[in-house]
Amino acid sequence: MIAQIARKEFTETLRDGRFRWAAAIVFVLLFASVVMGGKHYRDVKRQHDLARAETREQWLRQPAKNPHSAAHYGIYAFKPKMAPSALDRGVDPFVGQSVWLEAHKQNEFRFRPAQDATALQRFGDLTAAAVMQLLIPLLIILLSFSTFAGEREQGTLRQLLSLGVKKTNLAWGKALGVAGALGALIVPATVIGVIALAMTSENGSLAASAPRMALMFMSYLLYFISFIGLSLAVSARAKSSQMALVILLAFWIVNGLIATRAITDIAKRLYPTPSAFAFQQAIDREMQSGPDGHDTADKRAEALKQRVLKQYGAEKLEDLPVNFAGLSLQEGEEHGNAVFDRHYGQLWSSFERQNRLKQIAGLLAPMLAIQSVSMGLAGTDFAHHRDFAAAAESYRRTLVKKMNDDTAYNAGKQDFGYLAQPALWRTVEGFRYESPSTGWALRNQTVSLAILVLWVVAILVVMPLTVAKVKID
Amino acid sequence: MSQTLTRIIKHEWKILVADRTLWVIAPLFALLIGYGVYNGSSWMRFQDATLEAAKQEERERFARAKAEVTSIEQGAQPASAFSNPRLPSVAASRTGPRYALAPPAPLAALAVGQSDLYPYYFKVTSQSKQTFTANDEIENPTNLLAGRFDLAFVIIYLYPLLILALSYNLISAEREQGTLAMMISQPVSLRTFATGKIGLRALVVLALAAGFSLAAFLLTGAGLSADGVWLRLLLWMAVVGAYGAFWFALAILVNAFGRNSATNAMALAGMWLVLALILPALLNVAVTTIYPVPSRVEMIQATRRASAEATAKGSQLLAKYYEDHPELTAGGQADTNDFYTRSIAVQDETDRLIQPVIDHFDRQATGQQSLLDRFRFLSPAVVAQSALNDIAGTGAARYRHFLGLVDAFHQNWRAHFTPRIVQKALLVADDYDRFPAFMFREEPAGAVAGRAMIGLIGLLIPALLIAWLGLRALRRYSVAQ
């Protein structure tokens, strides 16, 4: 019985000219966005690969110079992209693409691509994610708003029920029919999309991210299922099909358009972040005199001096077997690192609290939940950015320490006149970054995933119940 | 205006007041506008506070530097040669830099626009511009991606929906209720009837939009005394009006096709989707494909190469620099080992080497913008966005204006210090008061108005054209279903 209803619904939908048009448009947009996303991914990857090799070359080709000068010269780190970012660009346009790793400073990432774009960027990117988050739900609404309300208006609902069809069977049949019609769009689009991506990406990179993409696909299915269920429930409950349409469109607008922005401003108010100016001032202040304002640079220098003299049993700095300037530079780094950890830690936690609030708001607007999951799996959410930033920072610290240690233990009495040979540059390994695992990405998304599942469960409970109470006329 | 039209409008007013829709929509609209302006204004206050903090830092730094200069003049030793505030090179880059501040424009509270992406202050030093222009404000990238809930957002996206909600069934509902036939049996044409109905709705919606916006704007404590506020407010309202007119016109046209209300609603929602969401995204794709902005990553590398090349040629450059600038060494001896002069020469050379890269970059970015300026007319939402950002002073135009001022100031700053550095002058405390200071001059209101006018025309022409088509098509409207 359910299968029959589903088949009828499916056939009817496929024959509907409006659906064909809408589906064709969505298909073209989806296909185009996947192809363009793939191209963008390749372009950026090639640029970053070249730049990474070049910055490494520059580091290695430094002439003999003082290690501290080399640390000041530093290297650049470029944020790599993962293959699934072709489907969802996430926050990538809004975070800097590279960071300069140099002595003394944990720099901010610079050059946000959106700064170099026109204001059109603010209308959103055309990505597969945007199509799936916004347009497919709209298509679902168009497919199903009149399912029950329309049958009632045409008088066929009474006829149908007079045949003894159980209302719950009707509900499941209709749901399957809509899902089938949607599947007729999504399955070929996915297959073609995957083929297009596979044809354009280097061997292996796509296979490596297959789990992430498969999970993405499944999360989107959850999102679509909630929309199908919701649309059917509203259609069963609304007085007229026109009313059902208006209610569903209103929900779509709140879900897709209003919720993200409204919650952004609330999150900013609940978890405020400092201005870049205040942030830098606070860091400068603590670099000078410690978190409590008493641990001044002079005191720290004196304490270091006493400690080192004691350690080597020396009377004066000149008697030390090591170079005190090198030790003192490294001491300064250690002090700075603690300051950076504290401030960046606080800042990033605020960002994460803001993002967490957005995830929870997914209870009201499922788009917030799927958006978060999608970015997370594409490797383009803030958590991935933070992970890269932390890895780059830790590399910076290793590099700078190597330079300072060389001064401390090899410079003898030469201080800043000391020149290290290029062999030293080679002792610093190139910066290699392993993208976090799929499990890690998923763990960041537990809240959003739970909310998506909750939506599906709630809808699957509510929808048949609502249909069971559908008024015949 | 004929008597009939007045009567229709009065009658419609009574119906509208008696109907629930307006009473649901008006408070909702007020709420959205209020929330939008409130968010915009708190962002504006945040910027103001930051600029105030920068000014204070500058004052304190200057006071400290002057005190130190005075004590060195009286015989004290500077803490180190690298931080001696009497040296012009130290003053130009460490103790004496001044801030170039761009205070929020008078209507900035109405549209956050691009201002959350563009720096609004720079600490100008004698070093290369690249060293101080990447001065981004801290922001959670997820927030930047979502965008802010400001008045411009309400106007660009939600206000058309409100208009469509009030007018999608303008005539179709009358027909479905059976009142249309009765109405048309009176001596009144369908076109006059439609004009009256839409005219009243337009008046009501515009009055609500303008009234709520103005009230919210005044509630934020914004002054109306600043230069050009009134003109800007007027332009803002005009753009809001013209943008609204476009959507009303579209509603007439769709109604004129004579379909039922549900189909009208779907058609209008579809057009809104295409014009406000899909087309801008497609336009973005087109613009960035035709004029791809070169990668910043390549630019970073180019800068690094140039800097290495220039540093390697240091001594040569220094000699050449003395040759090129005999006036700087007039009467004195050229110091062939001078660290500071050498770094000026190296820096000049670096800037010269990367200039082609920057030029290429700017060319592509300008290309994008001018392509967008031409093709924005395809989507009224894009026209409205760029006009509203422009009027609020949070768009690209004002930022470029600011960058131009900063550029001139930077040159001025270098011109002030370079001779003193080369001639190894020693500064006295009062010299600090004579450093060049940055003055932000607002763009002339006429320039803003000129650009806004183009946007206005770009909204009004399609609006009038569509309204005309709609009214013409109404002639063939079949009153019976």
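The values are calculated or read from the model by the stated rules, or taken from the named source; none is laboratory data. Since the structure is predicted, the reported quantities are computational estimates derived from the model, not experimental observations. All Cβ positions, even for glycine, are placed from backbone atoms using ideal geometry, and neighbour counts span all protein chains on display.
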Within region A:155-250, which helices (runs of 4 or more DSSP H) (wholly inside it) include 3 or more residues that are of a type in the set (A, V, I, L, M) and farther than 25 Å from A:F27 by Cβ? A:156-162, A:210-237
Scanning region A:399-429 residue by residue, those under 34 Å from the mean Cα position of the chain (by Cα) and surrounded by 13 or more Cβ atoms within 10 Å (Cβ to Cβ) turn out to be A:L399, A:V400, A:K401, A:K402, A:V428
Filter region A:2-16 for residues that are among the β-branched types (V, I, T) and in contact with a helix residue (DSSP H, G or I) (Cβ under 6 Å, 6 or more places away or on another chain); the one that is surrounded by the most Cβ atoms within 10 Å (Cβ to Cβ) is A:T13
Every residue from region A:68-85 that is more than 10 Å from chain B (Cβ to nearest Cβ) and free of Cβ contacts under 8 Å to residues at least 60 places away in the same chain: A:S69, A:H72
Per-region count, region A:86-108, residues under 29 Å from A:N404 (Cβ atoms), in contact (Cβ under 8 Å) with a residue 24 or more places away in the chain and more than 9 Å from chain B (Cβ to nearest Cβ): 7
Unique residue being over 21 Å from B:M237 (Cα atoms) and more than 7 Å from every other protein chain (Cβ to nearest Cβ) when the list is B:Y168, B:Y159: B:Y168
Being in contact (Cβ under 8 Å) with a residue 12 or more places away in the chain, part of a loop (DSSP other than H, G, I, E, B) and in contact with a helix residue (DSSP H, G or I) (Cβ under 6 Å, 6 or more places away or on another chain): is that true of B:P78 here? no
If you check A:L357 against the conditions, is it within 17 Å of the chain's Cα centre (by Cα) and surrounded by fewer than 19 Cβ atoms within 10 Å (Cβ to Cβ)? yes
Being surrounded by fewer than 14 Cβ atoms within 10 Å (Cβ to Cβ), among the small types (G, A, S) and either assigned to a helix (DSSP H, G or I) or modelled with pLDDT of 95 or more (or both): is that true of B:A67 here? yes
Can you confirm whether B:R400 is among the basic types (K, R), buried (at least 18 other Cβ atoms within 10 Å of the Cβ) and under 30 Å from B:M44 (Cβ atoms)? no
Show the residue pairs meeting these rules: Cβ distance below 8 Å; 6+ apart or different chains; first residue within region A:7-21 and in contact (Cβ under 8 Å) with a residue 60 or more places away in the chain; second residue among the aromatic types (F, W, Y). A:T13/A:F19
Tally the residues that are in a helix (DSSP H, G or I), more than 23 Å from B:A384 (Cβ to Cβ) and facing chain A (nearest Cβ under 7 Å), restricting the search to region B:276-307. 6
Only one residue in B:H410, B:H401, B:H416, B:H360 is in contact with an Asp or Glu (Cβ under 8 Å, 6 or more places away or on another chain) and assigned to a helix (DSSP H, G or I), so which one is that? B:H401
Scan region B:112-119 and tell me whether some residue there is at the interface with chain A (Cβ under 7 Å from one of its Cβ atoms), within 30 Å of B:E60 (Cα to Cα) and surrounded by fewer than 19 Cβ atoms within 10 Å (Cβ to Cβ). no
Return yes when A:W455 is among the aromatic types (F, W, Y), in a helix (DSSP H, G or I) and surrounded by 17 or more Cβ atoms within 10 Å (Cβ to Cβ) and no when it is not. yes
Selection status of B:L231, under 18 Å from B:V448 (Cβ atoms) and either in a helix (DSSP H, G or I) or out of contact with any helix residue (DSSP H, G or I) (no Cβ under 7 Å at 6 or more places or on another chain) (or both): yes
Can you confirm whether region A:120-132 contains a residue that is touching a Gly at 6+ places or on another chain (Cβ under 7 Å), within 11 Å of another protein chain (Cβ to nearest Cβ) and not hydroxyl-bearing (S, T, Y)? yes
Exactly one condition in (1) more than 9 Å from chain A (Cβ to nearest Cβ); (2) within 27 Å of A:G90 (Cβ to Cβ) is not met by B:E139; state its number. (1)
Evaluate region A:26-46: report whether one residue or more is closer than 22 Å to A:R110 by Cβ, buried (at least 18 other Cβ atoms within 10 Å of the Cβ) and within 10 Å of another protein chain (Cβ to nearest Cβ). yes
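Okay, residues lined up against (1) crowded, with 22+ Cβ neighbours inside 10 Å; (2) over 19 Å from A:A181 (Cβ atoms); (3) over 18 Å from the mean Cα position of the chain (by Cα):
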site	(1), (2), (3)
A:P113	no, yes, no
A:D116	no, yes, yes
A:L120	yes, yes, yes
A:A129	yes, yes, no
A:L143	yes, no, yes
A:F148	yes, no, yes
A:Q154	no, yes, yes
A:L161	no, yes, yes
A:T168	no, yes, yes
Kindly list the number of the only condition in (1) crowded, with 20+ Cβ neighbours inside 10 Å; (2) farther than 30 Å from B:P160 by Cβ; (3) without any contact (Cβ under 8 Å) to a residue 12 or more places away in the chain that fails for A:A262. (2)
Matching residues in region B:37-91 - criterion: being more than 10 Å from chain A (Cβ to nearest Cβ), under 21 Å from B:P119 (Cβ atoms) and among the hydrophobic types (A, V, I, L, M, F, W, C): B:M44
Check off (1) within 14 Å of chain B (Cβ to nearest Cβ); (2) over 30 Å from A:F351 (Cα atoms); (3) not in a helix (DSSP H, G or I) for A:P274 and give me the number that stays unchecked. (2)
From the list B:V204, B:V188, which residue is surrounded by 12 or more Cβ atoms within 10 Å (Cβ to Cβ), among the β-branched types (V, I, T) and assigned to a loop (DSSP other than H, G, I, E, B)? B:V188
Can you tell me how many residues within region B:236-263 are in a helix (DSSP H, G or I) and within 10 Å of another protein chain (Cβ to nearest Cβ)? 3
If I go through region A:218-269 residue by residue, how many of them are more than 10 Å from chain B (Cβ to nearest Cβ) and of a type in the set (A, V, I, L, M, F, W, C)? 17
